[in-house]
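The values are calculated or read from the model by the stated rules, or taken from the named source; none is laboratory data. Treat the numbers as computed from the prediction; the structure is a model and nothing was measured. Positions of Cβ are generated from backbone atoms using ideal geometry, with glycine treated the same way; all protein chains shown enter the neighbour counts. Heads up: the accessible areas ignore ligands, DNA and RNA and are worked out on the full protein's heavy atoms, side chains in. Shrake-Rupley method; radii C 1.70, N 1.55, O 1.52, S 1.80 Å.
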Amino acid sequence: MMGPCRKAAVFLMFLILSQGTTAHGALVGTWSLTGSMSTPRSGHTATRLSDGRVLVSGGSSSEFPPPPGLVASAEIYDPALGTWSLTGSMSTARSGHRATLLSDGRVLVSGGGGTSFGGFPFDLASAEIFSQINPPLANLLPGFPADFDGDGKTDIAVYRPSTGTWWIINSASFTWTARQWGLAGDIPVPGDYDGDRKTDIAAYRPSTGEWFIIQSSNGAIRVQQWGVPGDIPVPGDYDGDGKTDIAAYRPSTGEWWIIESRTGAVEQQQWGVEDDQPQAEWF
């Protein structure tokens, strides 16, 4: 014989499962497969970030001894692409912890359970903060001349992250242009990649490290993979040939990775320490 709480739970379950079968047209929920995490885990946290992606951190996994072993790794799900990408690991492996999205977009992870060197479980008092390396365009390209129509004047333009749409007022004709180019989570990286003295519409996808560029000279689309998750795009004319070079700054190592447009050569320069903010500009 079931008690009142048990009856209520069974009734609620039946009510949820039966939604959508009624005559008055209730909504039907459906499931579809998406990308799998890189590490199987349980006891982890899943936090929706301010840009719509989802951060999964920690937990325990049967892949790590002794089973189940605790993991410190974290990964991010991109709903626009249905894919996962690894991000920085926590300093302490933990399971059953709490994760809280802060008002500035960072994520506070606290507590949970850990294991000692002898494999004995214990409660954790430590806490750590996850920071998204995704600065606004103003920090990436200070003073960048966005002249989309090539009249030598900077055009007023905005990028709408929610739709990936560029809205541009052409100073030469006083007309406006709207172009959809980008997905949620992409970073706008406009520049004169083809050297025609016009700014090209371009987007960088942090989840894959891909650059998507529309060349204004001929309308051709250029796709270049250059970067890993966590890198910051820092395009600029590093070789002085009048073309924007594709470049990425790696905060974890303070390294700059540049593809010189003049020769196609790769330049690597270590300049910076962790948490530094790169500043790329035309000089």
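The table that follows gives values for the structure above.
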quantity: Positive-end extreme of charge dipole, the stretch 199-283 - chosen from 227, 271, 211 (charges on Cβ); calculated: 211
quantity: The stretch 38-99 - charge dipole about Cα centre, Lys and Arg +1 at Cβ, Asp and Glu -1, debye rounded to 20; calculated: 200
quantity: q = 0.15, 0.16, 0.21 Å⁻¹, the stretch 31-108: log10 I(q)/I(0) [Debye, one scatterer per Cα]; calculated: -0.52, -0.59, -0.96
quantity: Using a Förster distance of 25 Å, the FRET efficiency for residue 174-residue 220 (Cβ separation, nearest 0.05); calculated: 0.35
quantity: Table column - 3J(HN,Hα) (Hz), the stretch 256-273, Karplus curve with 6.51, -1.76, 1.60, x for Gly and Pro; calculated: 9, 10, 10, 9, 6, 5, 5, 10, x, 6, 9, 10, 10, 9, 8, 7, x, 10
quantity: Whole-Å semi-axes of the ellipsoid equivalent to the stretch 227-283 (Cα gyration tensor, √5λ, descending); calculated: 20, 11, 9
quantity: Cα-based convex hull volume of the stretch 166-238 per residue, rounded to whole Å³; calculated: 98
quantity: Chymotrypsin sites (Phe, Trp or Tyr not before Pro) within the stretch 155-209: DSSP coil, no more than 16 neighbouring Cβ in 10 Å; calculated: 174
quantity: Area of residue 210 that stays accessible when all protein chains are in place (1.4 Å probe, Å², to 10); calculated: 50
